[in-house]
Structure formats: structure tokens, C-alpha cells
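Colleague: Below is the structure I would like to discuss, written out as C-alpha cells.
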Amino acid sequence: MQTILIIVCVVIILISLGWLGLRIQPNPFPRFPQPSAELKTTSLPPDLPAPVKRYYLQTYGENVPVIQSAVFTGRAKLRMGPMTFPGRFRFTHNAGKDYRHYIEATFFGLPLLKANEHYLDGKFRMELPFGITESNPKVEQAANAGMWLESLWLPSIFLTDRRVRWEAVDADTALLVVPFGETEERFVVRFAPETGLPWMFEIMRFKNETKVLWIGEAVEWGSLNGHTLPIASTITWFDEGTPWATFQVDEVVYNVDVGEYLRAKGL
């Protein structure tokens, strides 16, 4: 009987420690060492679908910034299997062309798992402690979709990149057409009637060997570096029903030199 009680106590202690460790948030990464460069502007294009025009007019007015690179830093919640880990991230973009992700899942605020992920020149590579995922057409489609969804943090690219276009659907919905190699992909973008802000992006994205509806939701908007952006967003696979990731952006810098940083590893 005494042995059983000891085992039960040990299990309770371990569960309690695990519960506590998953609730301690990591410190944010240090600020990116370069400040944003001055942004040039260009005129708002004519003939945009009604909800798209409303969003950009209230966000930028008649002139939109030309963003060529961006670095986003923040914290996250990452679901892996039945457990959700706190984390922190830094995403680096060569706008509309390449990206690098550095992500840490943490326990008691300390790094437990580190992920280095690149999408460069149309090729994808992800390095985890337990393996490497190399590029193939299905992985590249998924990475390209992720890159364009994250571009909501540099939203003027949806107007300034000539490979991108908008197609009208209705008063609160539009299609966002983006390049993927020699072809194109389409997001369904839904705008909130009350605010005019885009709140949901939907696309069919490869999940392993099968395409599944992939949903990005902007759940909170705010001002970062003088720009109105989604400061909290979630990512959900439709077949799972609940978000596997939540990203809280703390810092964004634009038009910095990311040439070498895109090909680096770690922070």
C-alpha cells in the first residue's frame, strides 16, 4: 500500500511539473539588430474588388508602401500531438520570394525543440533534431502557401507584386491569386463587414500526401511600427478542427538587408 501511495504521489508531482512547465512563457527574442528602412510608396491600383479597396484605403490611404523584405519576431503556442507548447519565433522574408523560419518550442521557458526552416529559390528544407524534410513538389506547394499567408504581415505586397492579383467575389469576399512556380494558387479571403479587415484566409494545402483546407485567421489587430497588422493569428487544418499554432507578433521591421540572414541558422 505504501509503495502505491509513493507511486501515485510521484505521478502527481510529475504531472504538476509538466503542467507548470507548459505554462511558463519564454522571454522574447532580442530585437532585430537593424531598424526599418524608409519605405517608398506607390499609388493604390485602380479597379480593386470592393472589400479589398476598402481595406487598403483605411489602412494606407491612396499611397501604399513598397516592402521588399521583412522580419517578424514574436511568441507562439504550438500543438504537437496532444500537448501544446509555448514558443517563440523569428520569420524572415524576401518579400514574395523566399523565407526563413526559426522556431523554438519551450518548456519552463527554455528551448526544448529548435526548428530551422528555409524556402529559398523555390526549394524547401526543414531541420529538426529528429530529422530533415527535403524539398519535393508537395512540400514546395505547402511552403509557398505559408509564405503568402504570412505576407499579411506585409500586406502591401498583395498590391505591389505584379504577379499577384485580386478577383472579386462579393461584398465581403475576394480571391487572392499568387504565383507558385509557373502556376498560380488561390486564397479565399474573407473581410469582416464591421471593420473591413481581412480576417480569414483559406487555401487547399498539402498535408503529407493529401490536400486539406488550411485556414489562417487574424484574431487580433493592432499597430506595430506604425502599421496596422494582425498581431495575433491562428493556423488550423480543417480536418483537425482546432488551431495547431497561434502566433503573437511583437516586432516587425521592413526593408532591412536579409540576404545573409535568410541562409543562416538559429537566431
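Just so you know, all these numbers are worked out from the coordinates, no wet-lab data involved. Values in this document were obtained by computation on a predicted structure and should not be read as measured data. Glycine also receives a Cβ, built like all others from the backbone with ideal geometry; neighbour counts cover every protein chain displayed.
Colleague: Quick one: count up the residues across the range 193-226 that are under 17 Å from W237 (Cβ atoms), of a type in the set (D, E) and assigned to a strand (DSSP E or B).
Modeller: Counting residues in the range 193-226 that are under 17 Å from W237 (Cβ atoms), of a type in the set (D, E) and assigned to a strand (DSSP E or B) gives 2.
Colleague: Another question, if that's okay. In the range 31-53, what residues are over 16 Å from H227 (Cα atoms), within 24 Å of the chain's Cα centre (by Cα) and either touching a residue at least 60 places away in the same chain (Cβ under 8 Å) or surrounded by fewer than 14 Cβ atoms within 10 Å (Cβ to Cβ) (or both)?
Modeller: Correct list: R31, F32, P33, Q34, P51, V52.
Colleague: Another question, then. Would you confirm, using the coordinates I've provided, whether F124 is free of Cβ contacts under 8 Å to residues at least 24 places away in the same chain, loosely packed, with under 14 Cβ neighbours inside 10 Å and either among the hydrophobic types (A, V, I, L, M, F, W, C) or touching a Leu at 6+ places or on another chain (Cβ under 7 Å) (or both)?
Modeller: No, not satisfied.
Colleague: Which one is surrounded by the most Cβ atoms within 10 Å (Cβ to Cβ) among residues in the range 239-258 that are in contact (Cβ under 8 Å) with a residue 24 or more places away in the chain and over 17 Å from the mean Cα position of the chain (by Cα)?
Modeller: That would be V258.
Colleague: Let me ask you something else. Look at the range 60-78 and say how many of its residues are touching a Leu at 6+ places or on another chain (Cβ under 8 Å) and either among the aliphatic types (A, V, I, L, M) or under 22 Å from F187 (Cβ atoms) (or both).
Modeller: Number of matching residues: 6.
Colleague: From S156, S151, which residue is polar (S, T, N, Q) and farther than 19 Å from F32 by Cβ?
Modeller: So the residue among S156, S151 that is polar (S, T, N, Q) and farther than 19 Å from F32 by Cβ is S156.
Colleague: Would you check if K97 is among the charged types (D, E, K, R) and in contact with a Ser or Thr (Cβ under 6 Å, 6 or more places away or on another chain)?
Modeller: No; evaluated as a whole, the condition is false for this residue.
Colleague: Which residues, counting only those in the range 115-151, are of a type in the set (S, T, Y), under 18 Å from V164 (Cα atoms) and out of contact with any His (no Cβ under 8 Å at 6 or more places or on another chain)?
Modeller: Hits for the range 115-151: nothing passes.
Colleague: Now for a different question. Among the residues of the range 75-111, write down those that are part of a strand (DSSP E or B) and either surrounded by fewer than 17 Cβ atoms within 10 Å (Cβ to Cβ) or on the phi > 0 side of the Ramachandran plot (or both).
Modeller: Once the filter is applied, which keeps residues that are part of a strand (DSSP E or B) and either surrounded by fewer than 17 Cβ atoms within 10 Å (Cβ to Cβ) or on the phi > 0 side of the Ramachandran plot (or both), the range 75-111 yields R79, M80, M83, L110, P111.
Colleague: Could you list, in sequence order, the residues of the range 41-94 that are touching a strand residue (DSSP E or B) at 6+ places or on another chain (Cβ under 8 Å) and among the small types (G, A, S)?
Modeller: Across the range 41-94, the qualifying residues are S43, A50, S69, A70, G74, A76, G87.
Colleague: Looking only at the range 190-207, which residues are of a type outside the set (K, R) and touching a helix residue (DSSP H, G or I) at 6+ places or on another chain (Cβ under 8 Å)?
Modeller: Within the range 190-207, F191, G196, L197, P198, F201, I203, F206 meet the criteria.
Colleague: Okay, next question. Return only the number of the condition from (1) over 16 Å from M147 (Cα atoms); (2) in a strand (DSSP E or B); (3) touching a Phe, Trp or Tyr at 6+ places or on another chain (Cβ under 9 Å) that E167 does not satisfy.
Modeller: E167 satisfies every listed condition except (3).
Colleague: Something else about it: When the range 120-164 is examined, which residues are found to be in a helix (DSSP H, G or I), closer than 17 Å to K207 by Cβ and of a type in the set (V, I, T)?
Modeller: V139
Colleague: Right, next: Tell me whether the range 128-143 contains one or more residues that are surrounded by 20 or more Cβ atoms within 10 Å (Cβ to Cβ), in contact (Cβ under 8 Å) with a residue 24 or more places away in the chain and of a type outside the set (A, V, I, L, M, F, W, C).
Modeller: yes
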